[in-house]
Structures are given as structure tokens and as C-alpha cells.
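J.: Have a look at this one before I ask anything.
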Amino acid sequence: MNRKKLQKLTDTLTKNCKHFNKFEVNCLIRLYYNLVGDITERQGTVNGLDRNAFRNILHVTFGMTDDMIMDRVFRGFDKDNDGNVSVSEWVYGLSLFLRGTLEEKMKYCFEVFDLNGDGFISKEEMFHMLKNSLLKQPSEEDPDEGIKDLVEITLKKMDNDHDGKLSFSDYEQAVREETLLLEAFGPCLPDPKK
Amino acid sequence: MGVALGRLVQWTAPGHGTRVLEKTPLNEAILKEIIMFAESFIYKHPQEAKYVFVEPLEWKTDLNPSAFESGYVVSATTVKSEESDENGQPLLFLSVPQIKVRSFGQLSCFLLIAKDTKLKEAQACIEGNRNPVAKILGLDYNTMKEESSILNILDKITKDNDTESEIKMKIAILLKQLDVNLLNHSLKCISLEIPLHPAAVKNDIELLKRFSGKGEQTVLESIKYTSDYEYPNGCRAPPWRQILGEICYVLVKPHDVETLCITCSEEGVFLNGGKTDDEEINYERKGVIYKDLVTCLKEKSAKFSENMSKQKTRFNEELQKEKNKPNETPKKEAPGALRKAIPGSDKTMLEKNQINFGKSNMIKRLEPSLNWKTTIDSKEHRVSIHEERHGGRVEKSAPSVSAGKAQLIRKSGEKVEEIVSESSSESEEDEEPPDHRQEANADLPSEYWQIQKLVKYLKGGNQTATVIALCSMKDFNLAQETCQLAIRDVGGLEVLINLLDTDEVKCKIGSLKILKEISHNPQIRRNIVDLGGLPIMVNILDSPHKSLKCLAAETIANVAKFRRARWAVRHHGGITKLVALLDCAQNSAEPAQSSLYDARDVEVARCGALALWSCSKSYANKEAIRKAGGIPLLARLLKTSHENMLIPVVGTLQECASEENYRAAIKAERIIENLVKNLNSENEQLQEHCAMAIYQCAEDEETRDLVRMHGGLKPLATLLNNTDNKERLAAVTGAIWKCSISKENVTKFREYKAIETLVGLLTDQPEEVLVNVVGALGECCQEYENRVIVRKCGGIQPLVNLLVGINQALLVNVTKAVGACAVEPENMMIIDRLDGVRLLWSLLKNPHPDVKASAAWALCPCIQNAKDAGEMVRSFVGGLELVVNLLKSDNKEVLASVCAAITNIAKDQENLAVITDHGVVPLLSKLANTNNDKLRRHLAEAISCCCMWGRNRVAFGENKAVAPLVRYLKSNDANVHRATAQALYQLSEDADNCITMHENGAVKLLLHMVGSPDQDLQEAAAGCISNIRRLALATEKARYT
């Protein structure tokens, strides 16, 4: 890619990006093409970061481990659902990922947790996301009982309209009350300790 | 029946011929059950009643053949039943005294005939037939008593398929039922026995009392109840404790350990927290539960158990006597008394059996629960850090020595207890204490269980589950003690503190949010410290996350409310880190939030100040804050205008201002200006702390001037008018008191009409306020105008009324104020009329030296200004003797004040004569060798006044008072010079004294004094020299003539 093209791309992306300055955008674009280049070497032609490559980045850079959540994060980045993260999706996604405001993050996290995209986090979705969160006690009769109970606790805490599922407004209200609940169903943002 | 008889019934020891049943209530109950079963058998199961036993039941009966009536063939010594078996054998055959019974029908009839002696007969029957089941049904049925499954029985039925065996089976089942019944019944009996009974406890204590007293042979030094009042139900615990089953509390002083404070409750006997400062008992359990007092004491005191075994014969006799008085002791507790018999003593084996039997049952019934274990753990943990807490207590209670001592005693008692209980942890005793919490579980609120569940998720969840559990736990009412203690009791504290040690920021935040709330509870605070929470929190203060810093600092602020915690904060470097937090608010331009979990810089500084405020209650921490450079930072924060920030900052400063070098630093940092500014704030708490800080700092004259220069006196005077908030009023009056030490300030206060307001506050105020108000009036009344104001506002009467108080600080101030008022003759008239002088005089008997001294000082102007002062003084019976005897005090201030009083008393010739008779001269002379200028001055004055009577001058010389007086002239204090010169002048009237003075070089010193600008001094010195000179001339003259 020649310098002029890069310059132009940087300018357009910087214009649309709230949280990064020009220099940062420039760096991220270079990084993106380096990453894509690596893959191209291995697999031939590609038109962006595919799911596996992206998950690899999430794992290595941000220490994420939960497969399902990583898939959901990929979906969050891949706005056009074409199975690849394009350079603009990359910059936009990272801006939210690293510098996003609470509002942006809430929206993003809710999308991550709303597995079927119906605008609600249902009990089943919660169960699905939380199912590995408790140490299995071999003595217990129903190993899922704890998870079910945890789902009930979460609902009690967050479901303000008592309809048995979380709408975005339920979620928003709960998170505004207690920021810790932002990533209630799994870590989908970079860990603050890093 | 077999099982019950084999296991439950209490037999006497073997080796006494035939084993017999012991007479215990349990046995009695079992026998009664059996009798009921047998008696009703004939009605309930008529068919089975006809069944003929395989072998007859045989025993010796006391029943007379004549008792048998119809249905029996009766002769003189034999009885045969008319009912007989297939072979014609009678089913009941009695040949005195042996009886054989072969059916349940006959057994029922026999019991009916036996009437009153039923019990005895049944006992004899059981004793005679150790295995009744085998006899009734045959040996093969007996074997099934162990594995008594219904299958077994069915199996038998199918094997021998006839009516007889069917009946046999029915009987077998009936007997089985009886057996189960008996077991159940006896269980009830046993559980009834377990609770201690007030009367049983009382007996124990009375008995121990009889064996207590001085000397090596007694079991205890003393044992006494904490309360003399006994409720009608025999308990001595207050009703709200009785609900918990507590009966009474006893203070026990064994020979070898400190006094133990013990709770006797229905569940058993255990050590409680001992008496607290205000004579209350700390009811909290401090150790394991023992089944009775004797066991408990044996555990705690080796001497007790040693002497107990020496005394055991006597003790057991007493115990036996106690038992043999059935009228005095309710029947129910007889087994209780038995159980109290010391194991291993020479009591019969039976009792031992009974104890073991009871024990094994209890162990089965009461498995220790999880929460019980938790408390044990934390207890052991506590032992290790006990030493330090021990030290901590001493300093904390320093102000009141006696209270501190009491606590010391209690603490060391507790320490001994803990060591003892630890060392004995391997013994079997450990299994014994029943867990009384388990029983209480039934009443636990639903929150308890919910919290327990959440803690389970905290323990076994990943970070996502942990965060959810933490957020949910936060929704409980954490201000409520139930929830706070529930979290602790289910082991939540350990987990929460553990979370702080992880890398998970979110978990740490959640955990701290909970800890912050529950640490308002004093018990939880201690637990957090015991679990080592503070070092971890101190480390978090270094975290890059500001919200974490905030939460950690806030939690530290809550936890550091007691000394050991403050020590821990300092010890782990917390003070430096907290002071560093204050530095955060430096850049006013806030950077954008870098992380979602971040707080504002100002907030960080505020939390830091909060924590420092808590920590600053320890002296060493104050020093550490200063060394860490905290004062300039606090001074800078003081310039902000956020009340939230100002309150902890001023609070910290106010705490620290008790230290001299802080006051200097506060002056240097120009903090007073800001304190004064904040006096005008709207916030009462802030006003209070500012006033308090001024009160502390205004010990220093320059500071007092600063307060005035920054216009602080007016707001102080204004705040006096609002009397609702007593804490603030106390702080404000305190500040006024200290400020009014400066004359210029007093003038200002008079301008602001503060004197009038102060007089109005002399009534209906708490003591903290009164002390300060009276102190301020005492200072103000040094000026004539104010003395007049106080009189005109009617302030003298309430002041004199306060002379009868008991508060030491108040009395010191009141006497001072009354003394100041008495300078005015008109005021003196009022004081005299109110009998104020007598009240002052009686304060000379007060045990506190400060009060004595202050009262004596106050007496001086009273005597000076009272009409007929001499007469008034004489009218106090024993008053003069009292004053003279105070010269034996070893407190310099008391001595000086009493000398001043004597100076005034001695102005009346008659009184001087009286005090001379009481030996004032030798006492004054004895004091002469002192370096204290104040005492020197007043002593010299007293001596010069006392010279006016009889041969006192000579007596002072004889008591060697003159030579030391001469040395006073070398002092630097002009007042001492004047008083001494006057005294020497008086003494020089006696020739021998002149010689002594001359020998000690008085002339040269006095010659200097003649040149003094002080006329009195000049005159006295010159007079003295002239006396010495005249003597010399006279001697010379005598020599030449």
C-alpha cells in the first residue's frame, strides 16, 4: 500500500473516530495490515481479519479465554456480518473497545450478551453464558441448579420490569446503578488490570 | 425391648452379685412404659395374651399369696392360676417368693393385682430375666433384635406356616414397637436433662462458695454473682438475656489465674467477655461451652482441679447431702447433680456410666456445624496477635486508671483462658461442648440463608459469577447487624478479604463495597483485622485505579476505629500511602476518565483524609502523618470549599492538634485562618470540628491572637446562641475558653456580649459544655468589668451550685471561676450568703490534687474579701486542721496553694494561734528545701505571716527553715525575692536566726535587693539587714562593757 493511500485512509477514518487521534489511527491501520499480511502469507488471499485470526488477537492481546464470548466479540466488531473484520471495523471497534464511553460500552456489551439478537437477554441466554461460571460440586444432585439460581439472582437484580428477561433499558438502568454489572455475563472488554 | 433394655437401662456395676437396676428417672420412665404395655396387653390384644411363653418369666416377688383373688387357687405359700396351658401347667405359679409367669394375660392380671408395688415388681422381673424376649418367643427370635427388619419377620412367617407362629410374629412386632417406643421415650428424658437448671447452678455456686476463701487448701479464692438480685425464677441474668437461656454470671477468682467472668446458661457454662468499663458485662461468649461450672473451672485453673481432688471426699459428701434433701432440690435436677460428679473420682461406676452414656448420646445428636468451626478458627487466629492487643488496651484506657486496670485483669484472664483452651485442644473435652448456634438456626432470618448461598457462589464461582454474587449481596441491607453477622458467620469475610488479594479489579471493587458497609459494625472490624485484611487494603492504596484507592481508604477509615487496627495500618506503611492520597487533588484540571472504574481525584483525597482522621486517634499515627508530610497537604485541602472534604480534613487536624509540634506546624502553615473561615460555614459538623481545632490550638498565645486577627471571635460568640447541638456547643465553648486566656480576646468577647450568654449556659447543659463555659468565665472574671457582668446576670448562684459536682475537670474550673469572682467584695457577699466558702473548703477533701489546689487558691480571695473572715474561717469545724494537714501533700501545686491559703488565714491572730497549735511551723519548715519558685514564693509568704505569733520565729529557726530561705534570694523570680526578704525580715527579729542568716551569706544578697526598684522588697531587705546589723552592734557592745 502506498503512502498516499494510507494517508487518505487515515484521514477518513480519523474523521469518523471519536477516541483516537490521527497518529493512533495511523498506527492501528499499520497494525491491521501487518496482521492481515501475516494471514495472507499463510492462507493466500483474504479480505480482512477472519474469525480465527481475530480470536487469536483477543486471546493473545486481551487475555480472553471464553470461546463463546470471543465469538460474540467478533460479531460485535464485524458490523456487516461478512465474516471478516475490515480495516474500518477494526479501528471503529478498537476505539470503543479501548476508549469507549459508558454508553457506548453498554450498547456493545448488550449486543454481545444478546446471543440471538432479539433485543432481550433471556433466561436461556443467561444460562448459556453462565453455565461454566460455577465450580461443579460432584455432590450436588443437579449440577445446573447453582447456575439456575445464579440466573434468578441476576434477574432479580437487573430485571426492573419483572418480565423475566432483560431489555436494554433494564440492563442500562442496572449498570448505571452499579458499573460492575457492565460485563455481567462474561468479560467482553479488555481487563482493566492490563 | 431388647435393644432398650440392653443399652439404655442403667445397670449397676457388675461384681455385686446379681446386677440390679439403678434408681434413676430414666430407668423409672422405662419401667413405667413397660408396665403400661404389659397392663394393657390383655385388652388390646386378647388373642396374643393367651400365647404361652417358651420359657416362664421368673423372679422373686414381694407379693403375698393373699393378694390373689378369683381365678387363682390360693394356699398359704403358693398360688396357681386357674388358666393353664395345653399340658395343664398353670400359666402363673407363685411359690413364695419365686413366681413364674407364662403369658401376657397373666402378666397383665398380676400387675393389676400388684397395684402400688407394680414398679418394684416390674423391676424385679426385668432384673430376674435379663433376656425377656428370648424367654417369651424362644432363642431364635431373640437373634433378630439387632437386624429387626420386617423382612426377617415375614421370612419366619413363611417358614413355619401355622397360627402359633403367626401369633408369635405379632408379639414379636409388638415387642419391637415397644422397644422403639422406649428408645424414643428415653431420648426425650435425656434431652430434658441436658439444660442446666437455675437451682442446679445455684447449688453448685453455693457449694463452691463453701469451699472458697483465702489459704492454699481452698478450691477458689472467691466466687460471687455479678448481681445480687435474684428473679423469682431463680435466674440472675437480666430478662433480655434470660430469653437466650442465660441464668446468671459469676466472677470467679481461682488461686492461679486472673478473675474469670463466667456465664451460666441452660446450654452450659462458658467464659464471657468480662466486665467492661461501665460495669456492664460483655455477654459475648469467649470460649468453649462446658457442661457445668466445676468442669469449666477445672479446665481453667490447675490449682482448682488439684485442690478439688483433695477436697473431693468432702465435696462429694456435701453433694450427697444436697441430693438427699429431696424437698429442697427439685426432682428433675437430681440427674443434673449426678452428672456434676467429677469424673475419675471415687464415685460409683454407675455414675460414670451415666456420664459416658449421656456424652455418647450428645455427640450423636449434636454434630458440630460449619459455623462453629469458623469461630474456633478465628479464635485461634486471635491468640497469636493477642499480645499486641493486650498492650493496646492499656494505652486506650489510660485516662481512667482503675478502669484500665480492670480491663487488664480481664484481658489477661482471657489470655490465660485462651492458652489453656488451646493446650487442651487434644483432649476429648473438645467434642463435648454442644453447638448452641445450631439450635438457634431455626430462628435465623431468611437473609441468613440467602447470604449463605451467595457466599457459596463467591467461593465456587469464576469472576463473572463472583461479580454477580457481590452485586446481589450489596443489595441486602448491609447496615443491619443481622446481615453483617450473617456474612461473617457463613465465612463470607474470609472470602471477601481473599478477593482483595486477587488481580480481578471488579471483584476487588465489589468486595470493598461490601466491606466498607459492614465494617461499620465493631465486631466485623475486629474480625477483618484478625483475618489480616488491613495489610491487603493498605497495598490496594498503591493501585493505579482510583476507585479502588477510594474504597480501600474508606474501608480503612471504618476499620481503624480501634487501636490495634490503627497500629496495623501504620505498621504496614499505610499512613505514608494515605498521606500520598491527599496529594492527588493537586491538578485542578481533571483528566478525562481513563477507565470506567475510576473516581475523581478530589474523591481520592477525601477518602484519604477520612482514613487519616480515623488513624489520627493514635499518638504514633499523628507523628507518622506529620513525618509523611501530611500537614502541608491538609493545609492545602483546607482551602477547598467542599464540605465533604473539609470535615475529614479539619477532623484530622483537630485530632492531631493535641500534639505540641502539630500546633506549631498549624501555626506555620497558616491553617488558623482557614479554620476561622470555616467557622462561618453552614455545616454544623464542620463548625464543630473547626471550633474543636481552635480549642486545641489556642493553648498557644500567638494562635489566640491569630484567631482574633482573622475575626474568629465573633462567629464563636454567635455560635454560642445555638444550643441545640451539644457537641458543637462543647467545641465552641471550649474554643472560647482557650481564647479568653488572652486579655484582648476577653475584651472582644465582652463587646460581643458573650459573657452574658455564657452565664446563661451555666444551667441545663451537659458537663462537657459546663466545663468549658465555667473555664471561660474563670478567665473572663480576671477583669473587673466582667466580674460585675457575671454578678449582674446572676451568674454567681449557678457557679456556687456547681461546687457540689463530682466531675474533676468541672470542679477545677468552677473553683477557679468562683475564686475569680470572689475578688470583688460585692460578689463575695453573695458567695458568702450561698455558703460558697464552706463548699470550697470541703473540696479540700477531694481526692484529686488538681481540685484541692484549685479550691485552696479560690479560698484566698474569699478570705481576703469576706467580712469577718476570721470568724468565718473558725466556724468551719476541723477546717484549719484540714488545711494544715494538706501541707503533708506531695503535690507542689497543692502545697503552693495551701501556703497561699495559710498566708491569708494567718492574718487573723486567733486563727494563727490555732494553726500554730496544729503544728504549722514544723510542716512549713519541712517544705523549705524546694526549687519550685511558685512554692518558694508562697511558702515564704506563709512563713512571714506565721512569724506573727508567739515564739514561731524561734521555732522556724529551730526547725531549720532559715538557711534554705536565704538561698531563695538566689532565685531569678522577683516575687520570690520579695516574699523571701519579707520572711527573712520577720525572722530576723530573733537573734539566732540573724546568726544563721549571716552565716549563710544573706547580707550580701540582701544588699543587692536593697537596690531593687520594688519598694516592698527594698524595705524588707533593708529591715532585715538593719536587724542583723543591730544584733552585731549589740554583741560588740556587750563584749566591751
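J.: Obtain the nm distance between the two label points defined at B:A668 and A:D71 by a simple spin-label model: each point lies 7 Å from its Cα along the Cα-to-C-beta direction.
T.: For the pair B:A668/A:D71, the computed spacing is 6.8 nm.
J.: Can you tell me the alpha carbon radius of gyration of the range B:805-914 divided by the globular rule-of-thumb value 2.2 N^0.38 Å? Write down the numbers at each step before the final one.
T.: Details: Rg = 12.6 Å, N = 110, 2.2 N^0.38 = 13.1 Å.
Working it through for the range B:805-914, the quotient is 0.96.
J.: Of the listed pairs A:K148/B:K474; B:K474/B:K617; B:K224/B:K300; B:K816/B:K934; B:K286/B:K516; B:K135/B:K176, which have alpha-carbon separations greater than 24 Å here?
T.: Details: A:K148/B:K474 20 Å; B:K474/B:K617 30 Å; B:K224/B:K300 17 Å; B:K816/B:K934 17 Å; B:K286/B:K516 26 Å; B:K135/B:K176 15 Å.
Too far apart for the 24 Å limit: B:K474/B:K617; B:K286/B:K516.
J.: Follow-up. Have a look at the range B:868-1039 and give its Rg and Dmax from the Cα atoms, expressed in angstrom.
T.: In order Rg, Dmax, the Cα atoms of the range B:868-1039 give 15.8, 52 Å.
J.: Per q in 0.18, 0.21, 0.25 Å⁻¹, report the Debye log10 I(q)/I(0) for the range A:102-181, using one uniform scatterer on each alpha carbon and no solvent.
T.: -0.74, -0.95, -1.22
J.: Which net charge results when you count Lys and Arg as +1 and Asp and Glu as -1 among the other residues whose beta-carbon is under 13 Å from that of B:G630? Mind showing how you got there, number by number?
T.: Values: positive: B:R570, B:K577, B:K622, B:R626, B:K627, B:R636; negative: B:D583, B:E623, B:E655, B:E659, B:E669.
Taking every other residue near B:G630 into account, the sum is +1.
J.: Would you be so kind as to identify all helices of chain A, as entire DSSP H runs, whose Cα atoms reach 30 Å or more along the helix's own axis and whose mean Kyte-Doolittle hydropathy is at least -0.5? Walk me through the intermediate numbers first.
T.: Values: long enough: A:22-43 (31 Å, -0.16).
Helices meeting the span and hydropathy rule in chain A are A:22-43.
J.: With label points built 7 Å along Cα→Cβ from the Cα atoms of B:K907 and A:R30, find their separation and express it in nm.
T.: Using points 7 Å along Cα→Cβ, the separation is 9.9 nm.
J.: Quick check: convex hull over the Cα atoms of the range B:198-312, volume per residue in Å³, rounded to an integer?
T.: Numbers: hull volume 11.6 nm³, N = 115.
Enclosed volume per residue, from the Cα hull, is 101 Å³.
J.: Something else about it: Two decimals is fine: what is log10 I(q)/I(0) at q = 0.21 Å⁻¹ for the range B:651-766, from a Debye sum with one equal scatterer on every Cα and no solvent?
T.: Normalising to I(0) and taking log10 leaves -1.12.
J.: What FRET efficiency would be calculated for the residue pair B:Y231, B:N282, taking the C-beta separation as r and a Förster radius of 22 Å, to the nearest 0.05?
T.: Working: r = 21 Å, r/R0 = 0.96.
The value I calculate is 0.55.
J.: For the charge dipole of the range A:3-99, defined by +1 on Lys and Arg C-beta atoms and -1 on Asp and Glu C-beta atoms about the Cα centroid, which residue among A:S95, A:N21, A:M70 has the Cα displaced farthest towards the positive pole?
T.: A:N21
J.: Over the residues of the range A:22-125, compute the C-alpha Rg and express it relative to 2.2 N^0.38 Å. Numbers along the way, then the final one.
T.: Numbers: Rg = 14.2 Å, N = 104, 2.2 N^0.38 = 12.8 Å.
Rounded to two decimals, the normalised Rg is 1.11.
J.: State log₁₀ I(q)/I(0) for the range B:501-560 at q = 0.12, 0.27 Å⁻¹ as given by the Debye formula over alpha-carbon point scatterers of equal weight, solvent excluded.
T.: Evaluating at q = 0.12, 0.27 Å⁻¹ gives log10 I(q)/I(0) of -0.23, -1.17.
J.: D for the range B:950-1041, whole µm²/s, Stokes-Einstein with Kirkwood Rh over alpha-carbon pairs at 4 °C and 1.567 mPa s: what number? Intermediate results must be reported in sequence, preceding the final value.
T.: On the way: Rh = 13.1 Å.
Calculated translational D: 99 µm²/s.
J.: Another question, then. What number comes out for the charge environment of B:R951, summing +1 per Lys or Arg and -1 per Asp or Glu over other residues with Cβ under 14 Å away? Each step should come with its number before you reach the end.
T.: On the way: positive: B:R953; negative: B:D917, B:E958, B:E989, B:D990, B:D992.
Within the 14 Å Cβ shell, the charges total -4.
J.: Right, next: Which entries of B:K561/B:K677; A:K131/A:K156; A:K105/B:K639 have Cα-Cα distances beyond 26 Å here? Before the final figure, lay out each step's value.
T.: Details: B:K561/B:K677 29 Å; A:K131/A:K156 18 Å; A:K105/B:K639 38 Å.
As for pairs spanning more than 26 Å Cα to Cα, those are B:K561/B:K677; A:K105/B:K639.
J.: Leaving out ligands, DNA and RNA, calculate the buried accessible area for the pair A and B with a 1.4 Å probe, summed over both sides, in Å² to the nearest 100.
T.: About 2300 Å² of accessible surface is lost on pairing.
The values are calculated or read from the model by the stated rules, or taken from the named source; none is laboratory data. Just so you know, these numbers come straight off a predicted model, no measurement behind them. All Cβ positions, even for glycine, are placed from backbone atoms using ideal geometry, and neighbour counts span all protein chains on display. Keep in mind that these areas ignore ligands, DNA and RNA; they rest on the heavy atoms of the full protein, side chains included. Shrake-Rupley method; radii C 1.70, N 1.55, O 1.52, S 1.80 Å.
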